[in-house]
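S.K.: Supplied in structure tokens, the structure appears directly below.
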Amino acid sequence: MTGQERSEEKSECVSLSPMMETVPALPESERVCVFGTGDLGRSLGLRLLQAGYGVVFGSRRPHSSSRLPHGAQVLGHAAAAQSAHLIFIAVQREHYDFLVPLANQLKGKVLVDLSNNLRKNQYPEANAEYLQSLVPGAEVVKGFNTLSAWSLQNGPSDANRQVYICGESAEAKQAVIAVATKLGFSALDRGFLSVARELEDFPLQLFPQWRLPLRIAIGLSAAFFFYLLIRDIIYAYVTQGKDISFRIMVSLANKVCPIVSLIMLSLCYLPGVLASFLQLYRGTKYRRFPDWLDRWMLCRKQLGLLALGFAFLHVLYTLIIPIRYYVRFKATDRTVSVIRENRTTEFDTTTAWRGDSYLSLGILGFGLYVLLGITSLPSVSNALSWREFSFVQSKLGHLTLLLCTAHTYLYGWNRFLSASTYKWYTPPGYMLCLVLPSVVLLLKLLLITPCVDRTITRIRQGWERGADHRNPKDSQPLIP
Ligand code: NAP
């Protein structure tokens, strides 16, 4: 660097803290440069300062930069680049061409590409790869882009602690991981720079694993809502001229919620059962499941949590039944007419048993439902051993399905056999929703019979049916 360049650079330097002049210069490894003084640059600079790093901002207008964290320095890009080995690029990708004339100063430096896009496939190549092509002499690392300026300002206790990085140079990645760790994040190395596009797509995701379960929940709710609307409300209006449309708000909702909940709970357990039968049929676990089954299995947690949400709504709707005007009116009316007509009614022990069993099974089912929901949370499931997790999610899960199904059968009780139940020759919603859980429970029952269970356990331990011919030792019959 010439003397003139040095003096120009000196005149570019702006310290935002008078203290900086007196603080002894930090070693290069303790200094970090941030290009860009926008939202992310400022938040990141603040966190770096709080973690003990010396921060030098590189800006187009070092003299007019404002609202920068106290203690940071701001320089022109060229001078800032020379002050640190690690440079965070907190600038939109569209402006990256300002880095081309700085290629010499950036040679050998680690450039951390923080950029995101507005939509997927916005550019032909990943932003980080584009940056690498502009500055081939530098080591580009993609990272930190899944954090927001807000979360950086609030600290890791308030936000996601995970950051993802990728890049070609192991040393460069190590330097970035060291900074991330010092900032309180845990960095996950995702591999080479070719993964950058995937990392850039992360912030653009919109509940990818929730889409299918949400569609199922909305589709089922809408289908059963219209089905029950026709059977309960429109039927009463057409056949008896009665307007009971007020029932839409609570009665109908309280029928739709448990129906959807039970079907979705069965949908959580059906793919596991299907997978077991597929393995039994194929006689091996080493063949991939069809894609649709894979996708279905991957969204079981979301299906279960949505099912729990509907069960929770059912509980709330049930709890408010006694305070409904319609219910209070009916109860008072019945009492008054019993008194007026001087009638006495017999206590029916069978009805009492049925009612109590129905409620008790519902309460037990809901209790286990909540337990399943809690143990599916990562913070809880991480604390469980694999055996504990599978005991809760599989054994207790099927027990929950059994209790909730029995709760619904008790709700139907002897109405299954009454012709008046089948308005316009259609079965009530609760009967329809019993089909799937009953099928799942029957199939599960088949799977846990000792002979089938033995075969499926062997298959899961690596035994293959075709291998019998190759290895005579394994040729004993599976089902004695
Ligand atoms: P921003 O507020 O718009 O700031 C960008 C900064 O880039 C500006 O303050 C400016 O700093 C500099 N700049 C603007 N035009 C330039 C040009 N032509 N040449 C050189 N530098 C220029 O953006 P941001 O929200 O901080 O985001 C910065 C990058 O981080 C983006 O790529 C974004 O995708 C990514 N990101 C942002 C967030 C977030 O929460 N904001 C989260 C993750 C990733 P100077 O005036 O000092 O030069």
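The values are calculated or read from the model by the stated rules, or taken from the named source; none is laboratory data. Computed from a predicted structure; not experimentally measured. Backbone-built Cβ (ideal geometry, glycine too); neighbour counts: all protein chains shown.
S.K.: Can Gly412 be described as within 25 Å of Phe312 (Cα to Cα), modelled with pLDDT of 95 or more and crowded, with 16+ Cβ neighbours inside 10 Å?
M.R.: Working: within 25 Å of Phe312 (Cα to Cα): yes; modelled with pLDDT of 95 or more: no; crowded, with 16+ Cβ neighbours inside 10 Å: yes.
So Gly412 does not fit the description; no.
S.K.: With (1) within 30 Å of the chain's Cα centre (by Cα); (2) surrounded by fewer than 19 Cβ atoms within 10 Å (Cβ to Cβ) as the list, and Val256 as the residue in question, which single condition is left unmet?
M.R.: (2)
S.K.: Consider the range 276-308. How many of its residues are small (Gly, Ala, Ser) and either assigned to a loop (DSSP other than H, G, I, E, B) or over 28 Å from the mean Cα position of the chain (by Cα) (or both)? If you could, list the steps in order and put the result at the bottom.
M.R.: Looking only at the range 276-308, we keep the residues that are small (Gly, Ala, Ser), and these are 276, 283, 304, 307.
Narrowing the set further to residues that are either assigned to a loop (DSSP other than H, G, I, E, B) or over 28 Å from the mean Cα position of the chain (by Cα) (or both) leaves 283.
Going through the range 276-308 one residue at a time, the tally reaches 1.
S.K.: Give the range 43-85 a look and list any residue that's basic (Lys, Arg) and within 9 Å of the ligand (Cβ to nearest atom), or say none. Working first, answer last.
M.R.: Looking only at the range 43-85, we keep the residues that are basic (Lys, Arg), and these are 47, 60-61, 67.
Scanning the range 43-85 gives Arg60, Arg61.
S.K.: If you scan the range 103-122, which residues turn out to be more than 16 Å from Arg31 (Cβ to Cβ) and surrounded by 21 or more Cβ atoms within 10 Å (Cβ to Cβ)?
M.R.: Step one: filter the range 103-122 for residues more than 16 Å from Arg31 (Cβ to Cβ), giving 103-104, 107, 113-122.
Hits for the range 103-122 are Asp113, Leu114, Ser115.
S.K.: Here is a further query. How many of the residues in the range 413-456 are closer than 23 Å to Thr284 by Cα, of a type in the set (A, V, I, L, M, F, W, C) and more than 32 Å from the chain's Cα centre (by Cα)?
M.R.: 3
S.K.: Something else about it: Where residues in the range 82-98 are of a type in the set (A, V, I, L, M, F, W, C) and touching a strand residue (DSSP E or B) at 6+ places or on another chain (Cβ under 6 Å), which of them is farthest from Val112 (Cα to Cα)? Outline the logic, then answer.
M.R.: So the first thing to find is which residues in the range 82-98 are of a type in the set (A, V, I, L, M, F, W, C), and the list is 84, 86-91, 98.
Adding the requirement that they be touching a strand residue (DSSP E or B) at 6+ places or on another chain (Cβ under 6 Å) leaves 84, 86-91.
Values: Ala84: 13, Leu86: 7, Ile87: 6, Phe88: 5, Ile89: 6, Ala90: 9, Val91: 11 Å.
Checked the range 82-98; the qualifying residue farthest from Val112 (Cα to Cα) is Ala84.
S.K.: Consider His398 against the criteria (1) surrounded by 15 or more Cβ atoms within 10 Å (Cβ to Cβ); (2) of a type outside the set (Phe, Trp, Tyr); (3) over 30 Å from the mean Cα position of the chain (by Cα); (4) in a helix (DSSP H, G or I): it satisfies all of them except one. Which criterion is unmet?
M.R.: With respect to (1) surrounded by 15 or more Cβ atoms within 10 Å (Cβ to Cβ); (2) of a type outside the set (Phe, Trp, Tyr); (3) over 30 Å from the mean Cα position of the chain (by Cα); (4) in a helix (DSSP H, G or I), His398 is out only on (3).
S.K.: Related question: Where the second residue is outside any helix (DSSP H, G or I) and loosely packed, with under 12 Cβ neighbours inside 10 Å and the first is in contact (Cβ under 8 Å) with a residue 40 or more places away in the chain and lies in the range 203-220, which pairs have Cβ atoms under 9 Å and are six or more apart or on separate chains?
M.R.: Note: pairs meeting the criteria are Leu204/Leu118; Leu204/Arg119; Leu204/Lys120; Leu214/Phe207.
S.K.: Can you name every residue in the range 355-377 that is surrounded by fewer than 15 Cβ atoms within 10 Å (Cβ to Cβ), free of Cβ contacts under 8 Å to residues at least 40 places away in the same chain and polar (S, T, N, Q)?
M.R.: The one that is surrounded by fewer than 15 Cβ atoms within 10 Å (Cβ to Cβ), free of Cβ contacts under 8 Å to residues at least 40 places away in the same chain and polar (S, T, N, Q): Ser360.
S.K.: Looking at Phe144, Phe202, Phe207, Phe226, can you tell me which residue is within 29 Å of Ala81 (Cβ to Cβ), surrounded by fewer than 15 Cβ atoms within 10 Å (Cβ to Cβ) and not polar (S, T, N, Q)? Before you say what the answer is, go through the steps one by one.
M.R.: Numbers: Phe144 fails: surrounded by fewer than 15 Cβ atoms within 10 Å (Cβ to Cβ); Phe207 fails: within 29 Å of Ala81 (Cβ to Cβ); Phe226 fails: within 29 Å of Ala81 (Cβ to Cβ).
Within the list Phe144, Phe202, Phe207, Phe226, the selection yields Phe202.
S.K.: Answer yes or no: is there a residue in the range 298-306 that is of a type in the set (D, E, K, R) and in contact (Cβ under 8 Å) with a residue 24 or more places away in the chain.
M.R.: Restricting attention to the range 298-306, the residues satisfying the condition of being of a type in the set (D, E, K, R) are 300-301.
Going one step further and asking which of them are in contact (Cβ under 8 Å) with a residue 24 or more places away in the chain, we end up with 300-301.
Yes: the range 298-306 contains one or more residues that are of a type in the set (D, E, K, R) and in contact (Cβ under 8 Å) with a residue 24 or more places away in the chain.
S.K.: Test of understanding: among Ala187, Ala172, which residue is more than 14 Å from the ligand (Cβ to nearest atom) and over 26 Å from Phe98 (Cα atoms)? Write out each step before concluding.
M.R.: Working: Ala172 fails: over 26 Å from Phe98 (Cα atoms).
The match here is Ala187.
S.K.: Go through (1) within 16 Å of the ligand (Cβ to nearest atom); (2) touching a helix residue (DSSP H, G or I) at 6+ places or on another chain (Cβ under 6 Å) for Trp210 and report which single condition fails.
M.R.: Unmet for Trp210, out of (1) within 16 Å of the ligand (Cβ to nearest atom); (2) touching a helix residue (DSSP H, G or I) at 6+ places or on another chain (Cβ under 6 Å): (1).
S.K.: Right, another one. Within the range 152-166, identify whether any single residue is away from the ligand (no atom under 14 Å from the Cβ), modelled with pLDDT of 95 or more, in contact with a Phe, Trp or Tyr (Cβ under 7 Å, 6 or more places away or on another chain) and farther than 24 Å from Pro378 by Cα, and answer yes or no.
M.R.: Yes: the range 152-166 contains one or more residues that are away from the ligand (no atom under 14 Å from the Cβ), modelled with pLDDT of 95 or more, in contact with a Phe, Trp or Tyr (Cβ under 7 Å, 6 or more places away or on another chain) and farther than 24 Å from Pro378 by Cα.
S.K.: Can you confirm whether Phe88 is within 12 Å of the ligand (Cβ to nearest atom) and closer than 17 Å to Ala172 by Cβ? Break it down into steps so the answer makes sense when it comes.
M.R.: Values: within 12 Å of the ligand (Cβ to nearest atom): yes; closer than 17 Å to Ala172 by Cβ: yes.
In short, yes.
S.K.: Just wondering, is there one or more residues in the range 333-354 that are touching a residue at least 40 places away in the same chain (Cβ under 8 Å) and either hydroxyl-bearing (Ser, Thr, Tyr) or part of a loop (DSSP other than H, G, I, E, B) (or both)?
M.R.: Scanning the range 333-354, I find no residue that is touching a residue at least 40 places away in the same chain (Cβ under 8 Å) and either hydroxyl-bearing (Ser, Thr, Tyr) or part of a loop (DSSP other than H, G, I, E, B) (or both), so the answer is no.
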